[in-house]
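This report concerns only the one structure given below.
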Amino acid sequence: MIRFENVTKRYRGTSRPALNDVGFEVQRGEFVFLVGASGSGKSSCLRMILREERPSDGRVVVLGRDLRTLSNRKVPYFRRHIGAVFQDFRLLPSKTVFQNVAFTLQVIGSSSAFIKQAVPEVLALVGLEGKGKRFPHELSGGEQQRVAIARALANRPQVLLADEPTGNLDPGTSVDIMQLLARINANGTTVVMATHEAGFVDQMQRRVIELRDGVMLRDERHGGYGDTSSIPSLAPEPERGAAAIAALTAVLEVQREVNAVGAVEPQAMDAAVEAVEEVVSSSLSEAEATDAAAKAAALAAARQPAITRPAAEPRPITRPAAIVSPAPAPVQDPLEAPPVEKKPEPATSTQGIPVIDIPDVAELGVADRLGLGADGEDEVGPTS
Ligand code: ADP
Ligand code: MG
C-alpha cells in the first residue's frame with residue numbers, strides 16, 4: 001500500500017540528507033508508528049507519501065502508484081485517498097465544526113446529499129455528535145483535533161497520516177486521540193503516525209519504524225519505542241496553518257462564484273483544487289498563498305463560460321450556496337475506481353469510543369462523486 005525503495009531526500013541548501021536510503025513497506029490495514037527525535041525525518045516521510053515532496057533518489061509507491069510518474073494534474077485526485085492530520089489541527093477558525101468537515105468535501109465536488117449524510121456520520125465516529133455548530137475556539141484542544149481527524153476521514157481515505165497529532169495535547173487527551181486512531185484503524189483504515197512520544201508507542205505494541213538522522217534504525221512488528229535516552233525534546237513545528245487557511249478560504253470564494261453562474265465544470269474546479277494543493281503543500285507566506293489562491297480563482301472563473309456542460313439542467317435555486325455538484329474527473333483515473341477492499345470488521349468498543357458503521361466507499365463516496373448516487377433528486381449527473 002505504501003512502499004519506500006531506497007529513498008534519499010536532500011533538501012536544497014542542506015549538506016546532510018533528511019532521509020538516507022530508507023526502505024519499508026506498509027500493508028493495507030496496518031498501524032505504523034514512525035518514531036525518532038525531532039529532525040530525524042518523520043515529517044519528510046509523510047510529505048513524501050502525500051507527494052508534497054519527492055525523493056532525490058529512490059522510489060515511493062503509494063496505492064499502487066509510482067509517485068515519480070504521477071503527473072501534477074493527478075496529484076489532487078491521488079490525495080483524495082489519503083487523509084492527513086497535524087500537530088496544529090489547521091482548522092478554519094471562522095467556520096463551524098460541520099463546515100470545517102464539509103468544506104473538504106465541497107472542494108472536491110461532493111454532492112450536498114453526500115455531505116449531509118457523511119459529515120454527521122464522521123462527527124459521530126470521532127465522538128463529536130451534537131457539536132457541529134460550535135466554532136473551533138469553543139472546543140478543547142482534543143476536540144479540535146477530533147474535528148481535524150473527522151475532516152481527514154470525511155472522504156473515506158484508505159490511508160490516514162498523522163504527524164505528531166498529540167503534540168499539542170495534554171497526556172489524558174492524547175490517550176483519547178490515540179484510542180480514536182486505533183478505532184479508525186480497526187475499521188480498516190491504514191494509519192501511519194509520526195511521534196516522538198514514547199509512552200503511546202510502548203502501550204500500543206504496533207509496528208514501529210525508527211529513524212535517526214534520516215537513517216532507518218529498525219522496523220519492528222510489535223515494537224516499543226526503544227531507548228529514549230538519546231531523544232531530545234521536540235522542537236516546535238513550523239506553523240503553516242495561516243497560509244493554508246488563506247488559500248482554502250479564497251477557493252471557497254471561487255466556489256461560490258462558480259456556483260452562482262449555475263454550473264460547475266470539472267476543469268475549472270480541478271484548476272482551483274490543484275492550486276490549493278500547491279499552496280498548502282508549499283511553505284508560502286500568507287500573502288503569497290492568498291495571491292496564489294486568487295490566481296486560481298481567476299483561472300477557475302475565466303475557464304467557466306468556455307465550457308459547456310453536456311445535458312446540464314439549470315441548478316435548483318434552493319441549493320445551498322457553498323455546495324457544488326460532483327464533477328467527474330476529465331480522464332477517469334484508476335485511483336477513482338472503487339477499491340477492491342474488504343469491508344471494515346465491525347469492531348467492538350471497549351474504550352468508550354462510539355462505533356458506527358462506515359458506509360463502503362465503493363458504494364458511497366466514489367459513486368456519489370461520479371453522480372451515480374442513489375439519491376437522484378438532488379443532482380443532474382453527467383450520465384443521467
Ligand atoms: P522530523 O519530522 O522527524 O522532525 P523532518 O522530516 O521535519 O524531521 O526534518 C528532517 C531534516 O530535514 C531536518 O534536518 C530538517 O531540518 C530538514 N528539513 C525538513 N524540511 C526541510 C526543507 N523544506 N528544507 C530544508 N531542510 C528541511
Ligand atoms: Mg516533524
Given the conditions (1) over 17 Å from residue 89 (Cα atoms); (2) at pLDDT below 90; (3) among the acidic types (Asp, Glu), every one holds for residue 237 apart from (1)
Would you mind finding the one in 160, 123 that is modelled with pLDDT of 95 or more and over 18 Å from residue 92 (Cα atoms)? 160
Could you identify the single residue in 40, 94 that is at pLDDT 95 or above and farther than 27 Å from residue 124 by Cα? 40
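Given the criteria among the polar types (S, T, N, Q), within 16 Å of ligand 2 (Cβ to nearest atom) and surrounded by fewer than 21 Cβ atoms within 10 Å (Cβ to Cβ), does residue 168 qualify? Even if it seems obvious, please write down each step before you answer.
Working: among the polar types (S, T, N, Q): yes; within 16 Å of ligand 2 (Cβ to nearest atom): yes; surrounded by fewer than 21 Cβ atoms within 10 Å (Cβ to Cβ): yes.
Spelling it out, residue 168 is indeed among the polar types (S, T, N, Q), within 16 Å of ligand 2 (Cβ to nearest atom) and surrounded by fewer than 21 Cβ atoms within 10 Å (Cβ to Cβ).
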When you scan segment 1-75 for strands (runs of 3 or more DSSP E) that lie fully inside it, which ones turn up with 2 or more residues that are among the aromatic types (Phe, Trp, Tyr) and either in contact with a Ser or Thr (Cβ under 7 Å, 6 or more places away or on another chain) or surrounded by fewer than 17 Cβ atoms within 10 Å (Cβ to Cβ) (or both)? none
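List the helices (runs of 4 or more DSSP H) inside segment 92-163, counting only whole elements, that have at least 1 residues being over 22 Å from residue 176 (Cα atoms) and open to solvent by 10 Å² or more (accessible area, probe 1.4 Å).
On the way: elements: 97-107, 112-125, 141-153.
The helices (runs of 4 or more DSSP H) meeting that bar are 97-107, 112-125.
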Check off (1) farther than 30 Å from residue 56 by Cα; (2) out of contact with any Pro (no Cβ under 7 Å at 6 or more places or on another chain); (3) not aromatic (Phe, Trp, Tyr) for residue 177 and give me the number that stays unchecked. (2)
Give 87, 144 a once-over and let me know the one that is within 16 Å of ligand 1 (Cβ to nearest atom) and more than 13 Å from the chain's Cα centre (by Cα). 87
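The values are calculated or read from the model by the stated rules, or taken from the named source; none is laboratory data. The structure presented is a predicted model; accordingly, all values stated were derived computationally and were not measured. Counting neighbours? That spans all protein chains shown, and the Cβs are built from the backbone with ideal geometry, glycine included. Only protein heavy atoms, including side chains, enter the accessible area calculation; ligands, DNA and RNA are left aside. Shrake-Rupley method; radii C 1.70, N 1.55, O 1.52, S 1.80 Å.
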